[in-house]
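Novice: Following this message is one structure expressed as structure tokens.
What follows is calculated from the coordinates using simple rules that are stated; it is not laboratory data. The model shown is predicted, which means the values in this text are computed figures rather than measured ones.
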Amino acid sequence: DVFFFQAEDGIRAPLWSRGLGDVYKRQDPMYQYSLKWFKELFCMAIAQSKQSDQSAERVNYVNSEFTTLLYQNVCRGLFEKHKLLFSFLLTTKILFGDDKIDPLEWRYFLAGPTGDAGMIDRPENFNWIPEKEWGEKYRQLCGMDSLVKMKGIRDAVLNNPEGYRKLYDSQNPHDEPLPSEWDTKLDDFEKMIMLKMLRPDKITSAMQKYIIANLGKEYIDPPTLELKKCFNDSNTKTPLIFILTQGTDPQAQFLDFAEEMTVSYTHLTLPTKAQVQVSGGDVQIKK
């Protein structure tokens, strides 16, 4: 049996393709992924995912397998500092596809408020916020008030200083409930907008919590490099290229893997360090 997948079936591949473009544009031009590589990875997900006679169920299996393959393959080539951001982009792309994130809220989360908020002096009962921080926090508060689902948040905060002081003083504000009805009125993404205003130092922890809630804990724990998994994701036309830092020598690990795969040392020709230095790296490992 063959299923012909289309965008309306719920396949997430087009979302991921745009997500990889975001990684390239926003983080490092070194991160470039070809359409051919992307298509091959998607075909691999179709082949490896669990089978089902039900179209909707089959799509869910393909989505799950492809998400895992994409995350693992892309993380191998990312700097450590960019891996959490990539997980967050994957999460938000899924939720955008499911219409669970408002584009205006997303824009506000990234760029913050625009225009003049009509500044007021810091009220006496908000003296727990440093004077130098008050202006920016009030501006963000007014900006949030312009979002449809957060309408009224400005007055709610100004009328409940002690309730929000608890969040401000907490060691883990991302785990604290919002005062009054706002804890149930806002979704997790909107709560991150609030946290970014009140405690921006904890936004990374909130992002991790958000990823776990929507994709799972495995998406904040980048996979360790395993040659066997890399080998299984390659083929005769797709070589594996490792970019090494100075002083790194993976030769022992490579030979151990070759032995595990029953490849004799006599079938391998490895360049020496001297050969690499003389040739400028233009050498090959021959089988």
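Novice: Tell me which aspartates and glutamates have Cα within less than 15 Å of K228's Cα, excluding those fewer than 8 residues away on the same chain?
Specialist: Candidates past the 8-residue exclusion: D256, E259, E260.
Novice: Whole-Hz ³J(HN,Hα) for each residue in region 63-72, computed from phi via Karplus 6.51 cos²θ - 1.76 cosθ + 1.60 with θ = phi - 60°, x for glycine and proline: what do you get?
Specialist: Residue by residue, region 63-72 yields 4, 5, 5, 5, 4, 5, 4, 5, 4, 5 Hz.
Novice: Leaving out same-chain residues fewer than 8 places away, which aspartates and glutamates sit with a Cα under 20 Å from that of K36?
Specialist: Partners found: D22, E65, D233.
Novice: Tell me, what ³J(HN,Hα) does each residue in region 245-261 have, in order and in whole Hz, if you take phi through Karplus 6.51 cos²θ - 1.76 cosθ + 1.60 with θ = phi - 60° and put x for Gly and Pro?
Specialist: With the stated coefficients, region 245-261 comes to 7, 4, x, 8, 9, x, 4, 4, 5, 5, 5, 4, 5, 4, 5, 4, 8 Hz.
Novice: Please turn the phi angles of region 85-94 into ³J(HN,Hα) values with the Karplus equation 6.51 cos²θ - 1.76 cosθ + 1.60 (θ = phi - 60°), one per residue in order, whole Hz, x for glycine and proline.
Specialist: 4, 4, 4, 5, 5, 4, 4, 5, 5, 4
Novice: Report the gain in length on full extension from F79 to K132: 0.36 nm times residue separation, minus Cα-Cα distance, nm rounded to one decimal.
Specialist: 15.6 nm
Novice: Could you work out how much longer the chain between T245 and T262 gets when fully extended? Use 0.36 nm per residue separation minus the Cα distance between them, nm to one decimal.
Specialist: 3.3 nm
Novice: Under a cut-off of 24 Å between alpha-carbon atoms, report the lysines in cross-link reach of K149, not counting same-chain residues fewer than 8 places apart.
Specialist: Cα-Cα hits under 24 Å: K93, K100, K137, K166, K185, K191, K196, K202, K209.
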